[in-house]
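These notes are about the structure you will find just below.
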Amino acid sequence: MPPPPAVAPSRARLRPPLHRAPDISDPAFAAEAHRQSALAAAAPREAEDQAFVDAISAWPNACDAATRARPTRLAAPVP
């Protein structure tokens, strides 16, 4: 089997990509979030869209009986 191809020196010096998160304290961020939420609220299918978001956002929390019945090592102790 032939050896793997050598990496070009210019490619070997590349830095990994930086991932940026938006600055949520920036007033421009708040204005854009408000603009987008107003558009979503005014959409003709707003009720259907909100029902979908609610359905996929229903995560169990620490107060659920099922969570207490099956604790994991990483779970915080339930008082």
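Before moving on, here are some points about what is shown:
- Whether a residue is at pLDDT 70 or above, exposed (fewer than 10 other Cβ atoms within 10 Å of the Cβ) and of a type in the set (Lys, Arg) was assessed, and residue 20 passes this test.
- Checklist (1) surrounded by 10 or more Cβ atoms within 10 Å (Cβ to Cβ); (2) modelled with pLDDT of 60 or more applied to residue 25, failing item: (1)
- Any hit, the stretch 44-63, residues being out of contact with any strand residue (DSSP E or B) (no Cβ under 6 Å at 6 or more places or on another chain), modelled with pLDDT under 65, not polar (S, T, N, Q) and not in a helix (DSSP H, G or I): yes
The values are calculated or read from the model by the stated rules, or taken from the named source; none is laboratory data. For clarity, every value in this text was computed on a predicted model and none was experimentally measured. Because the Cβ atoms are built from the backbone with ideal geometry, glycine has one as well, and the counts that use them run over all protein chains shown.
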